[in-house]
1. With the crude spin-label approximation of a point 7 Å out along Cα→Cβ, what separation in nm comes out for residue 39 versus residue 10?
2. Just to verify a number: FRET efficiency for residue 73 and residue 3, C-beta to C-beta distance, R0 = 25 Å, to 0.05?
3. Percent relative contact order of the chain, based on C-alpha pairs within less than 8 angstrom and at least six residues apart?
4. Most exposed first by the Cβ proxy, i.e. fewest other Cβ within 10 Å, how do 18, 26 rank?
5. How large is ³J(HN,Hα) for each residue in the stretch 48-63, as worked out from phi by the Karplus curve 6.51 cos²θ - 1.76 cosθ + 1.60 (θ = phi - 60°), to whole Hz, x for Gly and Pro?
6. Determine the gain in length on full extension of the stretch residue 60-residue 47; use 0.36 nm per residue of separation and subtract their C-alpha separation, reporting nm with one decimal.
7. Could you point to the label whose value was computed as volume of the Cα convex hull per residue in Å³ for the structure here, given (1) 86; (2) 164; (3) 100?
Amino acid sequence: MAEQYAGQIVAVGPDNLDYHIQVFQDVITERLLSGEVRHMPGLKRFQIQGGGAVNQLSETEYQVVATGMKLTVYA
């Protein structure tokens, strides 16, 4: 199983600063009996710009694990 960069989300914190959340996604590679190789997306992992882990609370809310600070995604 490999991990690949899947994009970036910009969110705003309670201090009105922008925070960049990096999104990484596991990729599962399967080889079928016919010799075909299939790549399937796996779990997503979120990381704050400085390297700390981030949990997704909802579609628009994230929480930094180390500090408990909640971040809100804006369009």
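1. 2.7
2. On the way: r = 22 Å, r/R0 = 0.88.
Once the sixth-power term is evaluated, E becomes 0.70.
3. Details: 153 pairs, mean separation 20.4, N = 75.
Relative contact order for the chain comes out at 27 percent.
4. Values: 18 11, 26 15.
Ascending Cβ contact count within 10 Å gives the list 18, 26.
5. Listing the rounded values in order: 6, 3, x, x, x, 6, 9, 9, 8, 8, 8, 4, 10, 10, 10, 9 Hz.
6. Values: separation 13, 0.36 × 13 = 4.68 nm, distance 1.53 nm.
Between residue 60 and residue 47, full extension yields an extra 3.2 nm.
7. It is the value labelled (3).
Rule-based calculations on the coordinates, nothing more; no lab input. Every value quoted in this text rests on a predicted model; they were computed, and no experiment measured them. Counting neighbours? That spans all protein chains shown, and the Cβs are built from the backbone with ideal geometry, glycine included.
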